[in-house]
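No lab work stands behind these numbers, since they all come straight from the coordinates. None of these values were measured; they are calculated from a predicted model. Neighbour counts are summed over all protein chains in view; Cβ atoms, including those assigned to glycine, are modelled from backbone coordinates with ideal geometry.
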Amino acid sequence: MLSLGQYRLVALERERDEVQLRLDRLRKEFSAFEPRPATPNEVVRSDASPPPLTSAEKITLFRSLFRGRQDVYPQMWVNSRTGRKGYAPAGANEWARGVCEKPRVKCGDCPRQAFLPVTDQTILRHLREPHVIGVYPLLEDETCWFLAIDFDKHAWIEDVMAFVETCCSVGVTAAVERSRSGNGAHVWLFFTAPVAGRRSRLQDVSCRARSCP
């Protein structure tokens, strides 16, 4: 007989598989960037499922959730020799001879900064290609639109379940994402209005405290 923890693990793994299937379908839809135009003979039934979002609508939805700095964004880098990974601001002058002085000068200290803004094409490349970018959630006025909480260590599954249950008990919607390594998860909380960064961190600490047994 399975224990409660094992039941939860099975449920999480099933949810992960379902999310992966939905993600695969989305990637296939994005491969055909422009939707097929409707023909005059097509009739929309009142009991039919809502039509799938167009690529532009999906990008708009993505940007409405992951709102952050629009004037700059981080992109992932990988050292082919050591395998080390990290993130750095995307710049138009990166590695340009005579202009970029990385790694001696960090991007934040460079006097020739030419950071790239977030565009729809940037988001599309992130969704369709192996071009991994991030987001700087803290805006210039020190507010943010979402909170991301990282769970790892040996008991991350139980911690995530307890955290989500706590969110549900207080009427907060939480989105769970399995981490890239598979040995952890991220829980996303999206706000309907900008929240002071300090306040969101205090809410994080409060929720974690209530989720502890």
Filter the range 89-147 down to residues that are small (Gly, Ala, Ser) and farther than 26 Å from Ala196 by Cα and give me whichever is surrounded by the most Cβ atoms within 10 Å (Cβ to Cβ).
Gly91
Is it the case that some residue within the range 128-145 is part of a helix (DSSP H, G or I), more than 13 Å from the chain's Cα centre (by Cα) and closer than 30 Å to Val72 by Cα?
yes
